[in-house]
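Everything below concerns the one structure shown next.
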Amino acid sequence: MPNFTESKYLMLLMRNLEDGVPIKTSLISRKIGVKPPSVAEMLDRLEAHGLVRRIKWRETTLTSKGTKIAKRLLHNHRVLEIYFVTFLNIDEELACREASKIDLYVGQEIISSMCRALNRPCKCPHGKEVYHEGCV
C-alpha cells in the first residue's frame with residue numbers, strides 16, 4: 001500500500017488522466033508546489049513499486065495496479081465529499097478541502113457504509129466519476 005505522499009501523487013495523476021491532461025513532471029511540480037527533481041524522484045519511487053510507467057523526457061502513465069489503487073483512493077475521497085454535501089449541507093469546495101484532510105485516514109468499512117447510505121453515487125459534486133471497483 002502506498003504511503004501518504006505516494007497516495008496523494010496517485011490521486012493527482014489519476015485526476016490528470018480523467019481530465020485528459022498528460023502527466024508531465026513540470027505540470028505536477030507547478031500543481032503541488034515542489035521542484036521538478038522532487039517530482040521525478042517520487043515518480044521513480046512509484047515506478048519502482050510498479051504503479052507508474054515512465055518514458056524519459058515524455059509523459060508518465062499509471063499501470064493497471066496504479067490505476068486500481070488511484071481509483072480506490074479517489075472513490076474514498078469522493079464518497080466523503082458527497083457525504084459532506086448531502087448530509088452536512090457543506091459547500092462542495094469546502095467538502096473537497098475537508099475530504100482531502102481525512103480521505104487517507106478513514107477506514108474502508110466506514111467509507112463502504114457511507115457509500116451504501118448514499119446509494120452508491122455515480123458522480124461527485126464536481127461531476128467526476130465515483131469508481132466502485134472493490135466497493136462493497
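Read the figures in this text as sums done on the coordinates, not as results from a lab. In this text the structure is predicted, and so the values were computed from the model without any measurement. As a convention, Cβ positions derive from the backbone with ideal geometry for all residues, glycine included, and neighbour counts pool all protein chains shown.
Structure above, values below:
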item: Angle in degrees between helix 92-102 and the longest Cα principal axis of the chain, rounded to the nearest 10; result: 70 degrees
item: Glu98-Ser26 FRET efficiency (beta carbon distance; Förster radius 35 Å; 0.05 resolution); result: 0.75
item: Loop GluC sites (Glu not before Pro), the stretch 75-136, which have at most 10 other Cβ atoms in a 10 Å radius of their Cβ (DSSP); result: Glu133
item: Helix-only CD estimate at 222 nm, as mean residue ellipticity for the chain, using -39500 (n - 2.57) per DSSP H run (n ≥ 4); result: -19500 deg cm²/dmol
item: Label corresponding to semi-axes √(5λ) of the Cα gyration tensor in Å when calculated from the structure given, among (i) 27, 15, 13; (ii) 53, 21, 15; (iii) 34, 22, 10; result: (i)
item: Contour excess over end-to-end distance, with Cα ends at Phe87 and His126 and 0.36 nm allotted per residue; result: 12.4 nm
item: Subset of Lys35/Lys65; Lys8/Lys128; Lys31/Lys128 violating a 24 Å alpha-carbon distance limit; result: Lys35/Lys65
